[in-house]
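**Q** Below are the structure tokens for one structure; questions will follow.
Laboratory data are not the source of any read-out in this text; all were calculated from the coordinates shown. The structure displayed is predicted, hence computed values, not measured ones. Heads up, the Cβs are rebuilt from the backbone with ideal geometry, glycines too, and the neighbour counts pull from every protein chain shown.
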Amino acid sequence: MYCTRFFEETRIRTGTAAERKYSAWLRFKRNPTLRNKTLHREACRSMTATSMWAQRRWENDLRSKLCGPGVGSKTWWSLIKERQGTSHQETIPPLTRLDGTTATSSKEKADLLADIFATKMTVADPNRPPPQLAQEYDQEITMVEVTQGKVEHLLRAVDVRKASGPDDVSPQVLRHCSIRV
């Protein structure tokens, strides 16, 4: 309850100050009088003061949470990450299932998305052969020239930051052993 009210009040005050500043800017832009310039400067000062108030309020709230009773290691570290701006943010909003219920936890969302994608990717008749596509070229490659120099050049150019392929050979090994392979 407190958390919602805290953020709602902060959002309303900063939003109102930002709207006042923007409308004062538009008024000054349309009619650049000394009075409109003064009103815009006052709105800018008000916005700055409101932003500083919101930041102080957030820091004080965070400080009281860190000093309060029942702060365990997990709570403490999550608050520190929030202060540093590295806390995990939920990127997928709650999802609605076909029956109308809402999936809110990460596991529920993952299961729901897996079910949806599984139904999209199923083939009606898995034994049916794939369709024959029209050939776009009238020439076929009959011979591919592979030389030791070309292979060495390609292996030396392997990006070692990439993951191993299906053969589980590390890109570092391929690059390091390019002369011997």
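**Q** For the stretch 28-33, in order, what is each residue's ³J(HN,Hα) by Karplus, 6.51 cos²θ - 1.76 cosθ + 1.60 with θ = phi - 60°, in whole Hz (x at glycine and Pro)?
**A** In residue order, the calculated couplings are 5, 5, 6, 9, x, 9 Hz.
**Q** Continuing with the same structure: If you average the C-alpha positions of the stretch 103-173 and of the stretch 1-60 separately, how far apart do those two centres end up, in angstrom?
**A** Each part reduced to its Cα centre gives a spacing of 52 Å.
**Q** For the chain, what is the convex hull volume of its Cα atoms per residue in Å³?
**A** So the per-residue hull volume is 404 Å³.
**Q** When all C-alpha to C-alpha distances in the stretch 69-148 are sorted into bins of 5 Å, what percent of pairs does each bin hold, rounded to whole numbers?
**A** Pair shares across the bins are 3, 9, 9, 9, 9, 9, 9, 9, 7, 7, 8, 6, 4, 1, 1, 0.
**Q** Could you list Ile141, Ile80 so that the one with the fewest beta carbons within 10 Å of its beta carbon is first and the one with the most is last?
**A** Going from sparsest to densest Cβ surroundings: Ile141, Ile80.
**Q** Additional query: Need one word for the stretch 2-68: rounded, prolate or oblate. Basis is the Cα gyration tensor (sqrt eigenvalues a ≥ b ≥ c); a/c below 1.5 gives rounded, then a/b vs b/c decides.
**A** It comes out prolate by the Cα gyration axes.
**Q** Can you pull the one-decimal nm distance between simple spin-label points at Thr102 and Arg41, each 7 Å off the Cα toward Cβ?
**A** In this crude spin-label approximation the distance works out to 4.8 nm.
**Q** Could you give the size of the charge dipole of the stretch 112-181 about its Cα centre, using +1 on the Cβ of each K and R and -1 on the Cβ of each D and E, expressed in debye and rounded to the nearest 20?
**A** Dipole magnitude for the stretch 112-181 comes out near 440 debye.
**Q** Subtract the Cα-Cα distance of Glu8 and Val151 from 0.36 nm times their separation in residues, and report this length gain in nm to one decimal.
**A** Between Glu8 and Val151, full extension yields 45.3 nm more.
**Q** If you don't mind, another one. Counting only residues 5 or more places away or on other chains, whose amide H sits under 5 Å from the amide H of Ala103 once H atoms are built in the peptide plane?
**A** So Ala103 has HN proximity to Leu95, Thr96, Arg97.
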